[in-house]
Amino acid sequence: MKNLKLASRMITGRTIVTVGDVKIGRGLVVIAGPCSVESEEQTIETARAVKDAGADMLRGGAFKPRTSPYSFQGMGLGGLKILARAREETGLPIVTEVIDPRDVSWVAEFADVLQIGTRNMQNFSLLKEVGQTGRPVLLKRGMYSTLEEWLNCAEYILSEGNPNVILCERGIRTFEKYTRNTLDLSAVPAIKELTHLPIIIDPTHSTGRLSLIGSMSMAAVAAGTDGLIIEVHCNPQEALCDADQALTPENFSGLMRRLRPLKSFLERESAATHVEDWSAARCDNET
Ligand code: PEP
Ligand code: MN
């Protein structure tokens with residue numbers, strides 16, 4: 001991929017993005033929480049539950065990019081203040097989406113990681129703005145985008161001087177209707193051949209089906225993902241956004257029990273070995 005000056009695998013060893021005590025690119029990082037912040041009670045209850053189950057970071061949207069203008073759009077500033085309180089309560093760093101370039105600088109004061117959603121992947125003014133904050137950025141893959149287009153968007157952020165980019169595969173649009181999107185798990189090893197940036201998987205928005213989230217999480221770990229981002233709601237039936245795909249805290253802690261042995265194994269392994277994996281040897285595949 002000739003256009004990649006900073007994102008290319010050839011430039012440097014693997015990037016590890018540090019957020020507080022969490023290192024993305026080492027072991028397996030789990031980010032969990034509600035689709036959107038709906039109230040202080042809902043957010044803090046969910047935050048405590050995911051923390052107890054072993055999550056490393058809390059997710060939650062205060063700005064929601066919705067298909068319909070009449071759907072809940074998020075709590076905005078009020079939601080960010082609630083997230084800050086949830087962080088105080090649990091110690092979990094916050095991942096939250098920003099959708100408007102004009103909001104980036106003040107949202108960055110609340111967020112530990114700024115999320116760029118699938119619908120905004122190619123919003124170049126937004127990418128430039130988050131590139132200027134220095135805050136880690138979780139860049140979701142556009143639902144209609146190729147790996148090359150996605151990596152060029154990472155390049156926009158890097159070229160503004162922000163090296164802290166985490167990629168997130170969240171499923172792409174195909175003709176399949178059973179799942180909400182099609183999870184492209186091959187993106188994990190492919191991205192590791194193409195770039196030094198870490199990649200995580202979103203099994204929630206990719207499948208849109210509760211019954212598939214556990215298996216796809218395990219499969220993502222087998223494929224070599226650096227992390228998972230999973231929606232959990234303390235009372236999914238009442239969720240204002242993505243109610244059908246949110247795990248209950250009980251579902252989530254069951255999944256974490258399955259993931260825990262793998263998580264500790266991967267943490268031990270990446271601490272013991274300098275993570276310089278075999279994909280480096282295949283960089284000559286680059287086009
Ligand atoms: C989200 O994570 O809340 C979200 C809206 O995801 P996506 O941009 O992948 O649809
Ligand atoms: Mn959601």
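The values are calculated or read from the model by the stated rules, or taken from the named source; none is laboratory data. Only a predicted model underlies this, so the values are computations on that prediction, with no experimental measurement involved. Methodologically, a virtual Cβ is constructed for each residue, glycine included, from the backbone with ideal geometry; neighbour enumeration extends over all protein chains shown. Side chains included, ligands, DNA and RNA excluded: accessible areas come from the protein's heavy atoms. Shrake-Rupley method; radii C 1.70, N 1.55, O 1.52, S 1.80 Å.
Largest accessible area first, the listed residues Trp150, Trp106 line up as Trp106, Trp150 when surface is computed with a 1.4 Å probe on the assembled protein chains.
In Å, the Kirkwood hydrodynamic radius of the chain over pairs of distinct alpha carbons?
So the Kirkwood estimate lands at 18.7 Å.
Rounded to 0.05, the FRET efficiency of the Thr18 and Phe124 pair, given R0 = 30 Å and the Cβ-Cβ distance, is 0.70.
Using only helices, what value at 222 nm comes out for the chain when you add -39,500 (n - 2.57) per DSSP H run of length 4 or more and divide by the total residues, to the nearest 500 deg cm²/dmol?
Dividing the helical sum by the residues of the chain leaves -11500 deg cm²/dmol.
Pairs exceeding 30 Å between alpha-carbon atoms, taken from Lys128/Lys263; Lys51/Lys81; Lys81/Lys192; Lys2/Lys51: Lys128/Lys263; Lys81/Lys192; Lys2/Lys51. Short-range pairs are left out: with C-alpha atoms under 8 Å and at least six residues apart, the relative contact order of the chain is 23 percent.
Take the Cα radius of gyration of the stretch 166-216 and divide it by 2.2 N^0.38 Å, N being the number of residues; the result is 1.15.
For the set Tyr70, Tyr156, solvent exposure ranked by accessible area (probe 1.4 Å, protein chains only) runs largest to smallest as Tyr70, Tyr156. Per-residue SASA remark: Met75, around 70 Å² accessible (1.4 Å probe; ligands, DNA and RNA not included).
Heavy-atom accessible surface of the chain, averaged per residue, reaches 43 Å², computed with a 1.4 Å probe.
For the chain, with all protein chains in place and a probe radius of 1.4 Å, 51% of the accessible heavy-atom surface sits on carbon or sulfur.
Calculated FRET efficiency, Ser211 to Ser186, Cβ-Cβ distance, R0 = 30 Å: about 0.85 to the nearest 0.05. Each of Ala7, Cys35, Gly25 was placed along the dipole of the stretch 2-44 (beta-carbon charges, centred on the mean Cα), and the one lying farthest toward the positive end is Ala7.
Of all DSSP beta bridges confined to the chain, the antiparallel ones make up roughly 15%. Near Gly27: Cβ cut-off under 13 Å, other residues only, Lys/Arg at +1 and Asp/Glu at -1. The net charge is +1.
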